[in-house]
Ligand SMILES: Cc1ncc(COP(=O)(O)O)c(C=O)c1O
């Protein structure tokens, strides 16, 4: 097992910005809009200063400081990032301030700022993912983004779609329903349960492609096994055959150091309330410019324009939205770039590797659903304890030890940067006690 994961710090590593983030407390504090009633003023938030990361991803004192940015209940350990992540306090504060601002003045004039903020968010998100801002739409979550693609493309009786049998229902049942209505074929692909290499995973898809294949839809990282598919290789193989790709990034966005241009997918979907760590009920959809014309809008609401310029204008116009939450996406991207996206990936990989190693040492009979190798997995560790129902362990972990995991695919633990190595030790101690009960 690779515990000594070596991250690539060459890209996006912003040490100078780290120092600036600490100084951000006053820079962002602007006069109280509720007193002067000025529209388009950004409500203030406070940021706890960071110190510079001294020993990269294994420096526990640094990560303890990162943890302090969150308001996790005392004594609780959140290891359910694959489902929902807590947000740092300043994201909650931004959303609360904007909500109050809106409640205090719902005029068109005051609400004008939300449209501008959405534009800023899209630009920033596009940069974060290395794509063009015309290619990004802000949805409500991955479920919506996946369904925009499923219901927005035209397929007929001659066409075949390949889906991974581990896909989330929104990228699985959604395709099957659509196929029943329009008569195309959906083929489910299984991968080896214990893959030995990336090539094993690519082969599973390659072997099932045919001249009728039009699209491959797959989770980048499975929420039920923790297996990470080599998205770049699958997308490249598909592109060579003129086949479209939809990558469900619910379990990769916000954790992996992503570059969608380099990945080469046609569509990519995700939620901000998972690994990105907030804000709630925002999602993203990416569609490559060259394929955007193929996508029909599912919903037409007030404000939709025939002469739309961007993906957001084309498929994400949805009537009144929860506008106060979206601007906080800028704050969370600031946070990711402050800590450093390669550092976040490295830390999450380290925590998972450490957790796997401790489980193997202290619970030698445990069986892993998730591959042990870091390059075949991501931020999720799923395993089983002999003779123990995963749901029972999941329940007792929370009731007796305040450890929030999930019973998905086994006992599923997904630690994030608000967890420490000490938390992993506490989890393993609790598992040892429960295994002996
Ligand atoms: C792979 C995958 N896709 C989609 C979703 C749905 O996410 P949301 O509920 O944010 O739409 C999930 C949720 O766990 C998921 O794991």
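We did not get these values from a lab; they are worked out from the coordinates using the rules stated. Because the structure is a prediction, the values reported are computed rather than measured. Don't worry about glycine lacking a Cβ; one is built from the backbone with ideal geometry, like all the others, and counts go over all protein chains shown.
Given the chain reduced to its alpha-carbon atoms as identical point scatterers, what log10 I(q)/I(0) does the Debye formula return at q = 0.14 Å⁻¹?
Summing over Cα pairs of the chain leads to -1.35.
Give me the percent relative contact order of the chain, please, defined on Cα pairs under 8 angstrom at least 6 residues apart.
On the way: 839 pairs, mean separation 101.0, N = 437.
In percent, rounded to a whole number, it is 23.
Take every DSSP beta bridge with both residues inside the stretch 127-254 and express the antiparallel ones as a percent of the total, to the nearest 5.
Just about 5 percent of them are antiparallel.
How long is the gain from residue 197 to residue 425 if the chain were fully straight, where each residue apart is worth 0.36 nm and the alpha carbon distance is subtracted?
Details: separation 228, 0.36 × 228 = 82.08 nm, distance 2.94 nm.
Gain in length upon complete extension: 79.1 nm.
Can you show me the helix-derived [θ] at 222 nm for the chain, built from DSSP H runs with n ≥ 4 at -39,500 (n - 2.57) apiece and divided by the number of residues, rounded to the nearest 500. Could the numbers behind the result be given before it?
Numbers: 16 runs with 172 residues, N = 437.
Calculated mean residue ellipticity at 222 nm is -12000 deg cm²/dmol.
Can you classify the stretch 75-161 as rounded, prolate or oblate using the Cα gyration tensor, where a ≥ b ≥ c are the square roots of its eigenvalues, rounded means a/c under 1.5, and otherwise it's prolate if a/b beats b/c and oblate if not?
Here the stretch 75-161 falls in the oblate category.
How big is the Kirkwood radius of the stretch 157-219, worked out from every pair of different alpha carbons and given in Å to one decimal? Intermediate values should be presented prior to the final figure.
On the way: mean 1/r = 0.0823 Å⁻¹.
12.1 Å is the Kirkwood radius here.
Would you mind checking the stretch 119-133 for residues with the amide N under 18 Å from a putative spin-label position 7 Å along Cα→C-beta of residue 102?
119-122
In the stretch 120-329, how does Rg compare with the Kirkwood Rh, expressed as the Rg/Rh ratio over alpha carbon atoms?
Taking Rg over the Kirkwood Rh, I get 0.95.
Rounded to the nearest 0.05, what FRET efficiency do residue 130 and residue 437 give with R0 = 56 Å and r taken as the Cβ-Cβ distance? Could you check?
Rounded to the nearest 0.05, the efficiency is 0.70.
For an R0 of 30 angstrom, estimate the FRET efficiency from the Cβ-Cβ distance between residue 232 and residue 212 and round to the nearest 0.05.
On the way: r = 24 Å, r/R0 = 0.81.
For R0 = 30 Å, the calculated efficiency reads 0.80.
Taking the convex hull of the alpha carbon atoms in the stretch 342-436, what volume per residue do you get, in Å³?
On the way: hull volume 8.0 nm³, N = 95.
Value for the stretch 342-436: 84 Å³ per residue.
Fully extended, how many nm does the chain gain between residue 109 and residue 188 (0.36 nm per residue separation, minus their Cα-Cα distance)?
23.4 nm
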